[in-house]
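Engineer: Right, I'll just put the structure down here and ask away after.
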Amino acid sequence: MKLSKAKKIFIGILTLWPILYMFVFMALIMLMMASTMHTPQPQPPKLFFVLFALHFFTIIYMFGLIGFYIYYIFKTDRVAKDKKTLWAVVIFLGNMFAMPVFWFLYIWKEPAVNNS
């Protein structure tokens, strides 16, 4: 499975969204808590609905990203056969943190050329 440099960069950006979202989520929660601390509101703030939609999108997005990485693992020859199942489990269980590592090791880096 050969990917162009532009596709590799695009996949890398897509892979970083969950980590970025984690910080966005925390910041928005703190902002909502700070804004309702002084003036209690009988209904949730509008920011809550934005956060809910963003959270829902990110969850569905993560399922798609996990599916892509597991598909890539089993279709590429860059990952050794004896490591494919291990990487699939690691991606499935440690997805947000494992995907950037996998991307760097197996998608971004070019395979070593053996000149012997």
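No lab work stands behind these numbers, since they all come straight from the coordinates. Keep in mind it's a predicted model, so treat the numbers as computed, not measured. Don't worry about glycine lacking a Cβ; one is built from the backbone with ideal geometry, like all the others, and counts go over all protein chains shown.
Engineer: Of everything in the range 1-41 that's of a type in the set (Gly, Ala, Ser) and over 23 Å from the mean Cα position of the chain (by Cα), which residue is surrounded by the most Cβ atoms within 10 Å (Cβ to Cβ)?
Structural biologist: 35
Engineer: For the range 42-74, which positions are over 19 Å from residue 19 (Cα atoms), surrounded by 11 or more Cβ atoms within 10 Å (Cβ to Cβ) and not β-branched (Val, Ile, Thr)?
Structural biologist: 44, 45, 47, 48, 71, 72, 74
Engineer: Ok, one more. Return yes when residue 96 is within 11 Å of the chain's Cα centre (by Cα) and touching a residue at least 60 places away in the same chain (Cβ under 8 Å) and no when it is not.
Structural biologist: Considered against the rule, which asks whether it is within 11 Å of the chain's Cα centre (by Cα) and touching a residue at least 60 places away in the same chain (Cβ under 8 Å), residue 96 comes out as yes.
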